[in-house]
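For reference, the structure is listed below as structure tokens.
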Amino acid sequence: MRGFKEFLLRGNVVDLAVAVVIGVAFGAVVTAFVKDLVTPLIAALVGKPDFSSLVFTINHSRFLYGDFLNSIVSFVIIAAVIYYLVVVPMSRLAALRARGAAPQPATRKCPECLSEIPIEARRCAFCTTALAERA
């Protein structure tokens, strides 16, 4: 039971749970945006926002391809809304943050022989000097 408790309280599990809840809520916002604003706008421009009544029949079997078209159009609109309202601004924000952050060095100089060694090394590969731990 203790292991299960530790698993649940680890940061990544809690973060994932929060992300799922926020994702569901955000999905509802985007769906409402598309249904209530974008679809009527398309209807105003094109004339028909709902394709669910489109069917064809083969040997007395009805194929409701209009619902499939509705789903495709909704998916494309939702994907575009998410891309332009979430992905693009977050990418710009990440680029601005990365521009301001200084890159961390991958190597350092050995104090004894001055050769380049990995930052995580505890002993120089060239002169075998024991190195002090980095804080």
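What tally of residues in region 67-114 results from selecting those that are closer than 28 Å to Ser52 by Cβ and open to solvent by less than 100 Å² (accessible area, probe 1.4 Å)?
Applying the first criterion (closer than 28 Å to Ser52 by Cβ) to region 67-114 yields 67-85.
Filter once more, so that each one left must be open to solvent by less than 100 Å² (accessible area, probe 1.4 Å): 67, 69-74, 76-82.
The number of residues fulfilling the criteria is 14.
Could you check, for region 53-65, whether at least one of its residues is of a type in the set (Val, Ile, Thr), farther than 30 Å from Val30 by Cβ and open to solvent by 60 Å² or more (accessible area, probe 1.4 Å)?
As a first pass, look at region 53-65 and keep what is of a type in the set (Val, Ile, Thr): 55, 57-58.
Applying the additional criterion that residues be farther than 30 Å from Val30 by Cβ yields 57-58.
So of that shortlist, the ones also open to solvent by 60 Å² or more (accessible area, probe 1.4 Å) come out as 57-58.
Scanning region 53-65, I find at least one residue that is of a type in the set (Val, Ile, Thr), farther than 30 Å from Val30 by Cβ and open to solvent by 60 Å² or more (accessible area, probe 1.4 Å), so the answer is yes.
Within region 1-46, which residues are surrounded by 10 or more Cβ atoms within 10 Å (Cβ to Cβ) and among the polar types (S, T, N, Q)?
Of everything in region 1-46, those that are surrounded by 10 or more Cβ atoms within 10 Å (Cβ to Cβ) and among the polar types (S, T, N, Q) turn out to be Thr31, Thr39.
Exactly one condition in (1) exposed (fewer than 10 other Cβ atoms within 10 Å of the Cβ); (2) on the phi > 0 side of the Ramachandran plot; (3) not aliphatic (A, V, I, L, M) is false for Thr128; which is it?
Answer for Thr128: the failing condition is (1).
The values are calculated or read from the model by the stated rules, or taken from the named source; none is laboratory data. Everything numeric in this text was worked out from a predicted model, so none of it was measured. Neighbour counts are summed over all protein chains in view; Cβ atoms, including those assigned to glycine, are modelled from backbone coordinates with ideal geometry. These accessible areas exclude ligands, DNA and RNA; they are computed on the full protein's heavy atoms, side chains included. Shrake-Rupley method; radii C 1.70, N 1.55, O 1.52, S 1.80 Å.
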